[in-house]
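Read through the structure below, which is laid out as C-alpha cells, and then see the notes.
The values are calculated or read from the model by the stated rules, or taken from the named source; none is laboratory data. Note that the coordinates shown come from a computational prediction; the quantities given were computed from them, not determined experimentally. Here the Cβ positions follow ideal geometry from the backbone for every residue, glycine too, while neighbour counts run over all protein chains shown.
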Amino acid sequence: MTDGNQGSYWESANNTFPQWVQVDLGSARSASRVVLQLPAGWGARTQTLTLGGSTDGTTFTTLKSSAAHTFDPSTRNTVTLTFPAATQRYFRVTITANSGWPAGQVSEFQIWTS
C-alpha cells in the first residue's frame, strides 16, 4: 500500500466486514488529505470507507465519516479524502462494503502532510 506501485494491492479476508488498513508515519504529522488507489485497470467499484487518525495507535478519532466512494478507471481508480487538518501518527481506513468484491481492497494509501 505504500510501495508506490499501483499494480500491487492489499486485500482483506473475503466476506468479513469491517476490515481496516493503516499507515504509521513514525511521528505525528499534520495532514488534511488522503489519496487511495486501486489498480488502474480494475473495473469500477464502490467501497464504503471511514478514515480515522490516532497519535498512539490505540484510540482513533474519526477524520472522515463513513461514506460510499467510487473507484473508477476513468480517474485511474483514485479516491481523495479531504478533512480538516489533523496532527496524527496513524491513519486508518476502515472498509465496511465493496460493490466489486466481497473484501476490502487498497492498492496505494497516500497521506499528504503539511
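For this structure, a couple of remarks:
- Set Leu81, Leu63, Leu25: member being in contact with a Gly (Cβ under 6 Å, 6 or more places away or on another chain), assigned to a strand (DSSP E or B) and not basic (Lys, Arg): Leu63
- Flag set for Ser114, criterion: of a type outside the set (Phe, Trp, Tyr), closer than 19 Å to Thr2 by Cβ and modelled with pLDDT under 95.
- Qualifying position, being of a type outside the set (Asp, Glu), surrounded by 14 or more Cβ atoms within 10 Å (Cβ to Cβ) and touching a helix residue (DSSP H, G or I) at 6+ places or on another chain (Cβ under 7 Å), among Ala31, Ala44: Ala44
- Filtering the range 66-78 to residues that are surrounded by 13 or more Cβ atoms within 10 Å (Cβ to Cβ) and outside any strand (DSSP E or B) leaves Asp72, Pro73, Thr75, Arg76, Asn77.
- Gly57 falls short on exactly one of the conditions (1) in a loop (DSSP other than H, G, I, E, B); (2) within 18 Å of Asp3 (Cα to Cα), and that condition is (2).
- Residue among Leu38, Leu25 that alone is under 15 Å from the mean Cα position of the chain (by Cα) and surrounded by fewer than 15 Cβ atoms within 10 Å (Cβ to Cβ): Leu25
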